[in-house]
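Notes to accompany the following structure.
The values are calculated or read from the model by the stated rules, or taken from the named source; none is laboratory data. All figures in this text were calculated on a predicted structure; none of them were measured in a lab. All Cβ positions, glycine included, derive from the backbone under ideal geometry; neighbour counts span all protein chains shown. Surface accessibility is based on the protein's heavy atoms, side chains included, excluding ligands, DNA and RNA. Shrake-Rupley method; radii C 1.70, N 1.55, O 1.52, S 1.80 Å.
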Amino acid sequence: MENKGTKLLETEKLLLRRFVIEDGEAMYNNWASDPEVTKFLTWQPHSSIDVTKALLIDWIARYEDLAYYNWVIELKATHEIVGNISIVDLKEKAESASIGYCMSKAWWGNGIMSEALRRVIVYLIEEVGVNRVCACHDSNNPKSGRVMDKAGMKLEGILRSAGYSDNVGIQDIVWHSILRSEL
Ligand SMILES: CC(C)(COP(=O)(O)OP(=O)(O)OC[C@H]1O[C@@H](n2cnc3c(N)ncnc32)[C@H](O)[C@@H]1OP(=O)(O)O)[C@@H](O)C(=O)NCCC(=O)NCCS
């Protein structure tokens, strides 16, 4: 594999692009401040827009690193930003990438995250040369598993009591993946 970084990606309805500092306000309002969005995530809702902006400053500085992959999801039709998809763990020698994502509640149920995840999978396997793309979700959050299935991943298994979040405590973690040979 050869790292290529957070390149601009496009689908029928979406642009997956690098964050810019001007995204701070919409990111905070649309998803980062919403406890329903973060319910099954490992981070708490941002307490103020300053938290979101500080995070963006850090993320944007990291784009120089070609091993850093972190996209904001923009709707082509309206240019609104609705969520985030990124590599949360990259094992270069194993050629394996683990993906995380979250999205504004206002746009749930429109197939947006499945479309974004599929595009990221294709980019990582076809252009970066990754062999395995995987993702996991809390067993109480099955709709995230549907996103993975619809993007072409397969259920791998369940790690019992392997995860923790402040909101739900200790939980089973469900893993899905797709291999290069299955694309
Ligand atoms: C999980 C998440 C990314 C799904 O994104 P999405 O764009 O709504 O996904 P889809 O539209 O493809 O829907 C996926 C499944 O979610 C379920 N779903 C979506 N919207 C729903 C709603 N409003 N009510 C109930 N179920 C819903 C459906 O089962 C759907 O599958 P289907 O298309 O076969 O019916 C989004 O809910 C989210 O960001 N949640 C908060 C953060 C999070 O949980 N991240 C993942 C951590 S592993």
**Q.** Of the DSSP H helices in the chain, those whose Cα atoms cover at least 15 Å axially and whose Kyte score averages 0.0 or more
**A.** 49-61, 112-122
**Q.** nm² value of the averaged projected area, convex hull over the Cα atoms of the chain
**A.** 9.9
Q. Per residue, how many Å² of accessible area does region 9-182 show with a 1.4 Å probe?
A. 50
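Hey, what D do you get for region 1-90 in µm²/s if you plug the Kirkwood alpha-carbon radius into Stokes-Einstein at 10 °C and 1.306 mPa s?
Result for D is 115 µm²/s.
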Q: Would you give the gap between the C-alpha center of region 51-116 and the C-alpha center of region 24-46, rounded to a whole Å?
A: 13
Q | Mean Cα-pair separation over length for the chain, i.e. relative contact order, pairs under 8 Å, 6 or more apart, % | A | 20
Q.
Using a 1.4 Å probe on the protein heavy atoms, what percent of the accessible area of the chain belongs to carbon and sulfur?
A. 51
(Q) Modelling each spin label as a point 7 Å along the Cα-to-Cβ direction, I'd like the ASP58/GLU92 distance in nm, to one decimal. (A) 2.2
